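Chemist: Have a look at the structure that comes next, please.
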Amino acid sequence: MRKSICTAVITLSFLNVVYAQTITEDTTSKKSVYLNDITVVGKNSSKDLHQMPEVVGTEIFAGKKNSLIVIENLNANIVTNTMRQIVAKVPGIHIWESDGSGIQIGIASRGLSPNRSWEFNVRQNGYDISADPFGYPEAYYTPQLQAVQRVQFVRGAGALQYGPQFGGLVNFVLRDGSEINKPFQFESQNTVGSFGLINTYNSVGGASKKANYFAFYDHRNADGWRDNSKYSVNTGFATAHYKITHKLKLGIEYMNWGMNSQQPGGLTETQFNQDAQQSFRNRNWFKINWNTIALTADYQFNENTRLIVKAFNVQGERGSVGYTKAINIKDSINPATLQYNPRVVDIDQYKNFGTEARFITDYQLGKMKSTLSAGVRYFTGKTNRLKNGVGTTGTEYDESVTTTFPQDIHLKSINTAAFAENIFRITQKFIIIPGVRIEHLSTSASGRLSYSGNGVEVLMTPESRERNFALFGVGTEYHVTKGTEIYGNYTQAYRPMLFSDLTAAPSTDIIDPDLTDAKGYNIDLGYRGKVKEYLYFDVSGFYMQYNNRIGTITQLRPDLSAYTYRTNVADSKSKGIEILTEFNPVKAWYSKSKVGSINLYTSYSYTDARYENFLTVKKEGNALVESNLKNNQVENAPQQILRAGFTYLYKSFSLNTQWSYVDKTFSDANNTLVPSSNGQVGLIPSYTVCDIAATYRANKFFNIRAGVNNVTDKKYFTRRSGGYPGPGLLPSDGRNFFVSVGVKL
């Protein structure tokens, strides 16, 4: 690793695992050493974004497009997880901003869907936290960012190390106390803001020669910007690590997260233009409880070889209660009963277990030192899905049902995998990183879909699919100068068929027996690096091929009755550019400054995501009419995303101003321009939002943070929903502010 990078940020892996950091005098003399067991992020640096080193713990990041966000150095609203500010310097991240609470984030890139970030592999401290990464990869839980030390992004080329996905990796690394240089530290950050926002974050932690610990409790509640959008969130977390010997270290962590959120529902275009804050649903609620526990063993054989074994368990439940008909149908009191109509109750229960063992070693190959990273993984996930329960006529959250749930489905996934990547140092400047991942995946679904009119169970045809995958990839880096490099990679990926693809009503739906998983690949080619201390840049192009997308077409039986056929219907491709530049004119032109420093940044992406082939079949009369959506733009794929701004620093004061522009996009594959009467399909217009945030650190014990989101009070929306939490278009929050006071003792 280049000396300029090493001195800018020494970042150790989560769980107190040290970096296999490469320290160099120049690019012609490399030596790998292991640092002491501490975690230091952004030491002596105010930078909030860094490039990942070539090797972090047991993982290889060389040759991959990646980003490391240091949360402590951000001037952003981390209380409500405002993602457009968090990822401002990660080009091309598309965000659904329909949840102003920040309880659940929805992010994507390169023309993929932001739906609960399900095209990314979302992890916390290196383990999966989504509902089921193979059958239902929605990330219902998002860590509270005040407790997050850093966020790791790997774009495109993450499938070899982290499993099936096209988007890459998002890993939230929580604080663990190892950065605290004393036995005990207490920290409290308390925030108030618009629309009744109240947040209190309190933590304790400490470290000694053999142990470190950290725990926090966070509570947040608010009334919300829109009517009927109040929420409450509680998070508790504790972790501890102990060094048994100078080689072996053990760790444990536990997290409990719960939230209750009122869902205001969607709007039609007319309603949005009249008053974007209004709501026509006051009885819709969403409730989640999430528990994670992880055990880690870290064994350091010697300065060149390490083994990390991690076992994790996720148990969660999500429940929704509401009146979910189209928004132009009123949720009103029934004159016959003088009560509201019963609501629909849906409940999912998740029980996941997994373990990963990762091994890394440096070895001599000829005159050059190479690095091998390899591992194995086992995962099993069980989901019990209860749907369409007839709920109460009340207004608060209530899971009670008047009869048995009509739908009761049992879903299961089992995955085993082995993977390896190797850094071959061909010369002192040129490296190649080939890799392979072998996977076995089994998914199954069985249970009751509904009851017939006479009360007989309608059982689904049990579905079980087993398949094997071999993914290959190769990355490369060429160090042009001491501070800059050309990088590139080609990586295969796949996306498993989801549980929803395996559950079909036999009377109306049929699943293609030859249904296959979506497959494809990502390609990146770029140039990145630093020029002294005043310029950082990363300019790259990408290409993503996404084949065998799953959808439905209409088919006819011999009696001319229609049924829905679920099969592979579409291929798509995404290509474009991603650019990040950070320029500090003060450091470029002055050796010292008495008036502070300013950092200008621009993050830009252009994405052309189109269907190469998209078969559609509809019934017209007694005949089927085929068409093809070839060359249509992929839905939820804005062509241009621009985030730009500046950060001003003077002594203990810092100020950040950011502008975010997101291009227009379509909400459906048909590329419908004119909005439907219920607001569920139609164009999503472009928008520009401005945010301001500031921090003042009076001393090492006391800080004040404040900010204004959406300074110009822009009225906009980023999402149209066909179902929950809509249906209809979902407005984004208007202007709001926060003020936060913190102490650290």
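The values are calculated or read from the model by the stated rules, or taken from the named source; none is laboratory data. Everything numeric in this text was worked out from a predicted model, so none of it was measured. Neighbour counts are summed over all protein chains in view; Cβ atoms, including those assigned to glycine, are modelled from backbone coordinates with ideal geometry. Note: accessible area is taken over every heavy atom of the protein model, side chains too, but ligands, DNA and RNA are not part of it. Shrake-Rupley method; radii C 1.70, N 1.55, O 1.52, S 1.80 Å.
Chemist: Tell me, rounded to the nearest percent, the portion of alpha carbon pairs in region 429-504 spaced more than 20 Å apart.
Modeler: Numbers: 1704 of 2850 pairs.
For region 429-504, the fraction of Cα-Cα distances above 20 Å is 60 percent.
Chemist: Say each of residue 301 and residue 712 gets a label point 7 Å from the Cα, pointing the same way as Cα to Cβ; how far apart are those two points in nm?
Modeler: Inter-label distance under the simple model: 5.9 nm.
Chemist: Defining a contact as two alpha carbons under 8 Å apart and six or more residues distant in sequence, what relative contact order in percent does region 530-609 show? Kindly include the intermediate steps, with their values, before the conclusion.
Modeler: Values: 146 pairs, mean separation 26.8, N = 80.
Relative contact order for region 530-609 comes out at 33 percent.
Chemist: Okay, helix-only estimate at 222 nm for the chain: each DSSP H run of n ≥ 4 adds -39500 (n - 2.57), divide by all residues, round to 500 deg cm²/dmol; what do you get?
Modeler: Values: 5 runs with 25 residues, N = 745.
Helices in the chain give a 222 nm mean residue ellipticity of -500 deg cm²/dmol.
Chemist: Okay, moving on. Here is the link list: 210/310; 382/575; 412/630; 64/210; 310/482; 429/530. Which ones come out longer than 25 Å on Cα distance? Each step should come with its number before you reach the end.
Modeler: Numbers: 210/310 20 Å; 382/575 36 Å; 412/630 35 Å; 64/210 34 Å; 310/482 36 Å; 429/530 16 Å.
With Cα atoms farther than 25 Å apart: 382/575; 412/630; 64/210; 310/482.
Chemist: Now a separate question. With a 10 Å radius around each residue's Cβ, average the other Cβ atoms per peptide and rank 552-565, 642-655, highest first.
Modeler: On the way: 552-565: 13.3, 642-655: 17.2.
The densest-packed peptide leads the list: 642-655, 552-565.
Chemist: So, one more: Ignoring ligands, DNA and RNA, what percent of the accessible area of the chain is carbon or sulfur (1.4 Å)?
Modeler: Within the chain, the accessible surface is 57 percent carbon and sulfur.
Chemist: Might you tell me the accessible area per residue for the chain, computed with a 1.4 Å probe and given in Å²?
Modeler: Details: 28600 Å² over 745 residues.
Heavy-atom accessible area per residue stands at 38 Å².
Chemist: At 1.4 Å probe size, put 612, 578 in order of accessible surface, largest to smallest.
Modeler: 612, 578
Chemist: Give, to the nearest whole percent, the P(r) tail of region 376-423 beyond 17 angstrom, counting all Cα pairs.
Modeler: When all Cα pairs of region 376-423 are counted, 60 percent exceed 17 Å.
Chemist: Per the Kirkwood treatment, what hydrodynamic radius in Å, one decimal, follows for region 557-608 from the mean inverse distance over all distinct Cα pairs?
Modeler: Details: mean 1/r = 0.0594 Å⁻¹.
About 16.8 Å, per the Kirkwood formula over Cα pairs.
Chemist: Sticking with this structure for a sec: For region 63-128, just say rounded, prolate or oblate: build the C-alpha gyration tensor, square-root its eigenvalues into a ≥ b ≥ c, call rounded for a/c under 1.5, and beyond that prolate if a/b exceeds b/c, oblate if not. Kindly include the intermediate steps, with their values, before the conclusion.
Modeler: Details: a/c = 1.33, a/b = 1.06, b/c = 1.25.
Verdict is rounded for region 63-128.
Chemist: Then there is this: Could you rank the peptides 656-666, 244-254 by their average count of other C-beta atoms within 10 Å per residue, with the highest value first?
Modeler: Values: 656-666: 19.5, 244-254: 15.4.
Highest to lowest by the protection proxy: 656-666, 244-254.
Chemist: Oh, and also: How large is the accessible surface of residue 219 in square angstrom, using a 1.4 angstrom probe and rounding to the nearest 10?
Modeler: Counting only protein heavy atoms, the figure is 40 Å².
Chemist: With a bin width of 10 angstrom, please list the P(r) values of region 90-147 as percents of all Cα-Cα pairs, from the 0 bin to the one holding the largest distance.
Modeler: Histogramming region 90-147 at 10 Å steps yields 25, 53, 22, 0 percent.
Chemist: Mind ordering 444-456, 225-237, 107-119 by average Cβ neighbours within 10 Å, highest first?
Modeler: On the way: 444-456: 14.0, 225-237: 19.5, 107-119: 23.8.
So the order, starting with the most tightly packed, is 107-119, 225-237, 444-456.
Chemist: Now, a different point. Identify which of the listed values of mean projected area of the Cα convex hull in nm² was calculated from the structure shown: [x] 39.1; [y] 51.0; [z] 32.0.
Modeler: [z]
Chemist: Can you give me the convex hull volume of the Cα atoms of region 614-745, divided per residue and expressed in Å³?
Modeler: Numbers: hull volume 20.4 nm³, N = 132.
Looking at region 614-745, the number lands at 154 Å³ per residue.
Chemist: Still on this structure, please answer the following. Please work out how much accessible surface residue 424 shows to a 1.4 Å probe, ignoring ligands, DNA and RNA, in Å² rounded to 10.
Modeler: Its accessible surface works out to 60 Å², give or take rounding.
Chemist: In whole percent, what relative contact order does region 404-530 give with Cα contacts below 8 Å and a gap of six or more residues?
Modeler: Details: 259 pairs, mean separation 28.0, N = 127.
Contact order relative to length: 22 percent.
Chemist: Shifting gears a bit: As a test question: what accessible area, to the nearest 10 Å², does residue 674 have when a 1.4 Å probe is rolled over all protein chains in place?
Modeler: Counting only protein heavy atoms, residue 674 exposes about 110 Å² to solvent.
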